[in-house]
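Take a look at the structure below.
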Amino acid sequence: MSYVAIATEQFDAVITFYGDQLGFPVVEQWDRPNARGVRFDLGGMRLEILDNSRKRPPLNLGSPNDRCHLAIEVDDIEATRHNLNIDTPEPQSTSWGARLFQIRAPDGLPVTFLEWVDTTVPTA
């Protein structure tokens, strides 16, 4: 996979969320009359955020709330939680060998941070 692209109506807030609050570095950005976007590095995977209000015609976006979520695997869930510039819930342990917490981007997309703690539990 090269990258995941997300079109949003809340471009500025979403860019602030991934860049300033979650601390992901920008690797590419563009601002043209008919297209605006930013590409972040999420530890080897790229996340592209597109400004849907610049696209003509704009995409008919449904609610992203629970049809998909962005999962970010980390080595230390507590360190990650404390290094983010945003309030996060306490991590929860799962029955399948992980600890995780979930937050939402300004446009409603769930973002899950996950640490595998039991490597004997199959992940697939």
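Here, each number is a calculation from the coordinates, and none is a lab measurement. What you see is a predicted model, and the numbers here were worked out from it, not measured in a lab. Every residue, glycine among them, receives a Cβ derived from its backbone with ideal geometry; neighbour counts consider all protein chains shown.
Tabulated data
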| quantity | calculated |
| --- | --- |
| Subset tally (residues that are out of contact with any strand residue (DSSP E or B) (no Cβ under 8 Å at 6 or more places or on another chain), exposed (fewer than 12 other Cβ atoms within 10 Å of the Cβ), over 11 Å from residue 22 (Cα atoms) and free of Cβ contacts under 8 Å to residues at least 24 places away in the same chain) for region 75-96 | 2 |
| Condition met for residue 59 (among the hydrophobic types (A, V, I, L, M, F, W, C) and more than 20 Å from residue 23 (Cβ to Cβ)) | yes |
| Condition check for residue 20: touching a residue at least 24 places away in the same chain (Cβ under 8 Å) and in contact with a strand residue (DSSP E or B) (Cβ under 7 Å, 6 or more places away or on another chain) | no |
| All positions within region 35-60 that are touching a helix residue (DSSP H, G or I) at 6+ places or on another chain (Cβ under 6 Å) and more than 17 Å from residue 106 (Cβ to Cβ) | 35, 58, 59 |
| Residue list for region 23-42, restricted to those being touching a strand residue (DSSP E or B) at 6+ places or on another chain (Cβ under 7 Å) and closer than 26 Å to residue 82 by Cβ | 24, 25, 26, 27, 38, 40, 41, 42 |
| Hits in region 20-67 (condition: in contact with a Pro (Cβ under 9 Å, 6 or more places away or on another chain), crowded, with 17+ Cβ neighbours inside 10 Å and not hydrophobic (A, V, I, L, M, F, W, C)) | 52, 64 |
